[in-house]
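Report on the structure given below.
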Amino acid sequence: MDNNEIDIFVFAEKGDVAAEGARLFVEKAAEAIAERGRFGVVLAGGSTPAAMYQLLQQEAWQRQVDWERVHVFWGDERFVAPDHTLNSWREATELFLGQVPIPAENVWPMPTVGLGVGEAAEVYESRLRSFFGQEEPRFDLIFLGMGADGHTASLFPGRAGVLEEDAWVVGVE
């Protein structure tokens, strides 16, 4: 896919969406590692990616990825404790990341304890800057879900965060 093109895929079954997500993960990981020596992927929150996670932790998919070079980030996170059932990092870890040989330091969860929402956003932005340097962040693959109200990546229609142009991370109440 060219950077100026958008491909839209329509699937009849949820399992087909998960399989295509897993295929893209494996394909884009191989391409990025060959080109730059690392793969930066952004995972979605919520229930959307669960079936894909379950595929990626299976040996047939797992062995196709050089996990030492994979770096995992989140596009959104609910502001709940890491052990809360709604925490996206917890879900990804239980269904996927805890089952693959990815180094712990290559997983970049959003902080959700001991800070306010704005402070947590600043901390996560600082972590992203430590990974990317001061250059604009460039992820190799970004997975996004969409809520029933039209939100994606914790950006809600009609809310101020949608208009943010400078910050890399926005705290949303």
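No lab work stands behind these numbers, since they all come straight from the coordinates. Keep in mind the model is a prediction, meaning the values are calculated, not measured. When we count neighbours, we look across all protein chains shown, and the Cβ atoms used for this are built from the backbone with ideal geometry, even at glycine.
Some notes on this structure:
- Only one item in [x] 42, 37, 32; [y] 47, 36, 30; [z] 41, 38, 36 matches Cα extents along the principal axes in Å derived from the coordinates shown, and that item is [z].
- Here the chain is assigned +1 on the Cβ of each Lys and Arg and -1 on the Cβ of each Asp and Glu. Its dipole about the Cα centre then comes out at about 380 debye.
- Applying a DSSP loop filter and a limit of 16 other Cβ atoms within 10 Å to the chymotrypsin sites (Phe, Trp or Tyr not before Pro) in the stretch 3-34 leaves Phe9, Phe11.
- Looking at the stretch 47-113, none of the chymotrypsin sites (Phe, Trp or Tyr not before Pro) sits in a DSSP loop with at most 12 other Cβ atoms within 10 Å of its own Cβ.
- Degrees between helix 117-132 axis and first principal axis of the chain (Cα, 0 to 90, nearest 10): 50
- Within the stretch 19-79, the proportion of Cα pairs with more than 16 Å between them is 45 percent.
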